[in-house]
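Notes for the one structure printed next.
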Amino acid sequence: MRRSFPRKPRKSRSLRVGVATAAVAAAALAMSGVPAVGARASVQGAGVQGGHGGQVGQSTQGSTTAGVSASGQAAFVRAAREYAVPLPVLLGVSYLETRWDAHQGRPSMAGGYGPMHLTDLAAATARDGAPAPEERGDPSRPGATRVPRGPAFQSVDLAARLTGLGKATLRTEPAANIRGGAAVLAEYQRRLGGAGATDPGDWYGAVAAYSGATEQTAARSFADEVYAQIRKGATRTTDDGRRVTLAATDVRADRSWLRKLGLHTATNAAEQVECPAGLGCEWIPAPYQELGDGDYGNHDLADRPNSQKVRYIVIHSTEDSYAGTIRLAQDPTYVSWHYTLRDSDGHIAQHVATKDVAWHAGNWYVNAKSIGLEHEGYAARGDWFTEVMYRNSASLVRYLAAKYDIPLDRQHILGHDNVPGVTPGLVEGMHWDPGPYWDWAHYFELLGAPFTQNASSAGGVVTIKPNFATNRPVFTHCEDNPGPPSEGRPRRCRAWPSSAVLLHTEPRQDAPLLRDVGSNPPDGVSTTNVADIGSRVSTGQQYAVAEVRGEWTAIWYLGQKGWFFNPADAPRAVWTKATLVKPKQGKASVQIYGRAYPEAAAYPPDVPVQALVPLQYTWPAGQDYVLGLQAEAEYYRAVTFDPADHQVIRGQMRYYQVQFGHRVGYVLADDVDLVSPTG
C-alpha cells in the first residue's frame, strides 16, 4: 500500500540498516587546485578557560563515567595559536558541527569525526577494511546507494597533509582532531587570500567553506549560525568530560568573503519554497503524475489549512543518503514527504507544498493533517546528527508551527515512531524512526520549548526526561556491531547516548519488560531490540503516574503498569501539569483507535464508509492517560488524480488523542471524562 509503506525493518528480523553514506555536499572551494600549505603562526592572548563539571550520572540501562579536565579548552587554544585562527572562530565552527563532542570516535551521518567534524567517508563506509554492503535494511526502498566522492567528504586528507598526523589519529584523538580542523580552516583562509587576518569577522569565507556546501545560501546559513553563536557564547561539558567555553564576542561578520567561494546560487522562485529567510532552502519538487490504470503518485493535492487543519509535524530519519533520498522523492511511483534535511550542513530541500498531503507517515489520518521532515540519518546505527542539522530543523519547525498554529510539544511534534497503525493488522509494520538516538531534549531546547518541571509530585503526571549524555541503554541488533556469528545470540548495540527509557513489570532492573500485543504479536513479549518500542518511553512524552515506590516510578502504559528507575539525584522524568483522560463511570474498558474517522452517517452515498476498527489494546477502568489534543472526526477522500474529486468528510463524533503507549492513540470522547491538571 503506497500510504502505509514500511521504511524500517521489523524488529523480529536481523536489523541491517545499510551503509553509512554522507550528505551530498561537494567541495565548497573552487580553488582546490591550489597547493596545500599550512599557515602556522602565533596569535595573541587566548587564555585557557577551564572549570570543572560534575560526575556523570548512572543509568539502569547502562552507565558511563567521564572525568573533567581543562585539556579540551587548551586544545582549542593551542590549535588556534599554531595555525593563526582566531579562537572564537575555531570554537564557533566546532560548536556548530558537534557542540565540541568527540562521539567516541564514531562518524556522523555525513562521515565526519571528532569535535571538528573532519570528514573521512572512506573510513565511515568501510567495515573490517571492506566497503560496506549497499543495504538499507528495507528492500522496499529501491535504488542502490551511491557513495559520493570529493574533497568535502575527505577533509581529513587535507588535515593529514597540513599537520603530518595520521588519519586514524585525526579521527579518534580529540586534540589532534581540533588541530586538524584549525589547519583546514587556515588553509581555506589562505586560498581566499585572507591569510594573517586577526579579525574574526574576516574569516567568514573560510567558515562558510568549512560547511562543505555547494549552494551559496546553505554556506551562508552555516556561517551566519557560527557567528551568531560567537556573539552569544557558550559553555558546556562535552561527552568525554571536557569543559569548553566560547566567550561571548562582539563581532561583525564580513559577508563579502562569501562571493570568493564561487558557489552555486539557487534560482528558486520565492513562492515555491516555504522556509525561514536565510536558511537557503531549495525547491526539488516531488512529481504529481498519472501512472496509468487510474493510479498516480506520489502525493495528493489539497488546500490546507482551508480544507483541513495541519495538526502535526512528523520527524523522520531517511535510512538512506541525502542523494538517495532526493532521488526517491523525485520518483512518481514512490512515497513522498515535504522536506529533506542534509546532515553535513543542514541544507533543506522542499518537495511538496505544505498545503498538499504527502505520503510519509503510514497513517492516512495523520498524513492528511501533517507535514513530514526527513533527516539524513539512520535510526539504529548510533551515527550522530550534526548540530547544524538540528538547528536548521528546529528553525524550520518553528516557522511551520507559527504558520499553522501548531503547539510545540510532543503531542503535536511527533516522531514517526509515535504514529499509530490504523488497524490491528498494520500495527506491527509501523516504523520506529528517528529512533532512540535522536536527542529530543536538545531539539526542543532549540525550538524554544524545553521540557521543564512545573508541578509537584501531587500532580500525578510525568514528562520523560533522562539526561541524554549519560542515559545509555544497551539495545541489540544494531547493524554496525555484527558481533560473533553465534547461534541465536543477539548483537549488542554500543552504550550510546539516548532519549529512551525502558519500562519493567516490577520496580527492579531484572524484571521483564511490558507486553505489546500489537508490536510483538502474538504473545506481546517485548525485547531490547533497537527497533522494539513495545516497552519504551522517550523524552518529552507524558504519562499518568500509577505508583511511586522508593526510587522507582510507575506509569500507565498500554493498559499496564510500567516501572522505571527515577532517583531524585538522577531523574529520568520531571513532574508536570497535564489534563488526564479516564474511562467514564461504569465503563469497564475503553477502545483505542489508530485514526479518528467519522461515523457512518457522515459519508455521502457515493463514498465508501471507512470502518471504525479499534486496535488490539485494552484500556481498563482505573487507568488514566494524558490528553494530547481534541481530534477532528475527518476523512480526506483522495483516490483520483483530479483534485476536483477530492473531499473532506466530517462527522459529529468527537475524539481525544492520548499518549497510550510509545505511540499516540484516539478514544471516543463519549467514552471518557477529562480530569483537570493539579499539582
Those lysines that a straight Cα-Cα span of less than 21 Å connects to LYS577, excepting residues fewer than 8 apart in one chain: LYS465, LYS561
Lys and Arg at +1, Asp and Glu at -1: neighbours of ARG304 with Cβ under 13 Å from its Cβ sum to -2
Straight-line reach check, LYS587, cutoff 15 Å on alpha carbons, 8 or more apart in-chain or any other chain, hits among aspartates and glutamates -> ASP624, ASP670, ASP671, ASP673
Return the loop-located trypsin sites (Lys or Arg not before Pro) in segment 598-665 (DSSP other than H, G, I, E, B) with at most 16 other Cβ atoms within 10 Å of their own Cβ; answer none if there are none. ARG654
Net +/- balance of residues flanking LYS584 in space, Cβ distance below 10 Å, scoring K and R +1, D and E -1: -1
Under a 5 Å amide H to amide H cut-off, with H placed in plane at 1.01 Å, what residues pair with TYR83 once short-range neighbours are removed? ALA41
Using a/c under 1.5 as the rounded threshold, could you call segment 207-262 rounded, prolate or oblate? The axes a ≥ b ≥ c are square roots of the C-alpha gyration tensor eigenvalues, and prolate needs a/b larger than b/c, oblate otherwise. oblate
Which value, in Å² and to the nearest 10, is the accessible area of CYS281 when all protein chains are kept and the probe is 1.4 Å? 20 Å²
On the accessible surface of segment 296-447, probed at 1.4 Å, how many percent belong to carbon and sulfur atoms? 52 percent
Within straight-line cross-link reach of LYS369, lysines at Cα separation under 21 Å, skipping those fewer than 8 residues along the same chain: LYS309, LYS355, LYS403
Packing-based ranking, highest mean first, of 332-344, 193-205 given that Cβ atoms within 10 Å are counted: 332-344, 193-205
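The values are calculated or read from the model by the stated rules, or taken from the named source; none is laboratory data. Note that this is a predicted model, so its numbers are computed, not measured. Note that we place each Cβ from the backbone using ideal geometry, even for glycine, and neighbour counts take in every protein chain shown. What goes into the accessible areas is simple: the full protein's heavy atoms, side chains included, and nothing from ligands, DNA or RNA. Shrake-Rupley method; radii C 1.70, N 1.55, O 1.52, S 1.80 Å.
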